[in-house]
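The values are calculated or read from the model by the stated rules, or taken from the named source; none is laboratory data. Fair warning: this is a prediction, and the values are worked out from it, not measured in the lab. We place every Cβ from the backbone using ideal geometry, glycine too, and count neighbours over all the protein chains shown. Quick note on the areas: whole protein, heavy atoms, side chains included, nothing else; ligands and nucleic acids left out. Shrake-Rupley method; radii C 1.70, N 1.55, O 1.52, S 1.80 Å.
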Amino acid sequence: MADVGLESTAETVEQKQPHRLERKWTFWFDNQSKQPKQGAAWGTTLRKVYTFDTVEQFWCLYDQIFRPSKLLANADFHCFKAGIEPKWEDPECANGGKWTVTSSRKAGLDAMWLETLMALIGEQFDESDEICGVVASVRQRQDKLALWTKTATNEAAQMSIGRKWKEIIDFTDRITYSFHDDSRREKSARGGRYSV
Ligand code: MGP
């Protein structure tokens, strides 16, 4: 009898253990409409919000806060590997770039964001080391989702990530990959380098 009691206690303890992720992730928030003053340097409104490493923390944060449909225009949510800042200037991002998808429906953005987050924290990408994080941007014209990666010149890795991402978010239109190096330059230099 004592054994049965111990077993069921062990089961209960196990059920209550949080489910740890492979690595830590950080949610960030940027409300650019709150820019302190016109012409202020980019990034002054970017805030690190919460670093998590369990499934339970993720669901709580997602449910309570991080749904893009809750955002007003000119705001971004980011979910990046802990230790990487969602900026071109971060050493892990400096030589990188991003795949971008656009969505004209709020519900579309929410669904693609959630699918992407689950794939990231569940380490679904073969080249998961190449990934920095994902950004959801709500804009007047069109909402966007961008998957940031580390080594823009590694075309094979980027193509594989792009293909996998489209499957994950169930997106059939072409998507393009741009280098951060190009984004730093004037608008005319910002064409996509790869597409899938
Ligand atoms: P954005 O937020 O990626 O695109 O960058 P948005 O707002 O949809 O506008 P778009 O029409 O230019 O695509 C907008 C601008 O913010 C860029 O042109 C840069 O001037 C600045 N910016 C964006 N990012 C991600 C960075 C960054 O990481 N570092 C710096 N220094 N500036 C950035």
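Summary of values
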item	result
Count, lysine Cα pairs under 17 Å in the stretch 9-129, 8 or more residues apart or across chains	9
Contact order relative to length of the stretch 27-72, as percent, for alpha carbon pairs under 8 angstrom and 6 or more apart	36 percent
Solvent exposure of the stretch 47-96 as accessible area per residue, Å², 1.4 Å probe	51 Å²
Length added when fully stretched, THR172-THR54, from 0.36 nm per residue minus Cα-Cα	39.3 nm
Relative contact order (%) - criterion: Cα under 8 Å, at least six apart; region: the chain	20 percent
Over the stretch 127-192, relative contact order from alpha-carbon pairs under 8 Å, at least 6 apart, %	21 percent
Computed E for ASN74/MET159 - FRET, C-beta separation, R0 25 angstrom, nearest 0.05	0.20
Accessible surface of the chain, 1.4 Å probe, proportion on carbon and sulfur as whole %	48 percent
Lys, Arg +1 and Asp, Glu -1 on Cβ, resulting dipole of the stretch 25-104 about Cα centre, debye, nearest 20	320 debye
Prolate/oblate/rounded label for the stretch 50-113 (Cα gyration tensor, a/c 1.5)	oblate
Helix 2-16 vs. the chain, principal-axis angle (Cα, 0 to 90°, nearest 10)	10 degrees
Cβ-placed point charges (K, R +1; D, E -1), dipole of the chain about Cα centre in debye, nearest 20	1360 debye
Gaussian network model of the chain, Cα within-10 Å springs - most flexible of LYS34, LYS16, LYS150	LYS16
Rounded to 10°, Cα long-axis angle of helix 106-121 versus longest principal axis of the chain	60 degrees
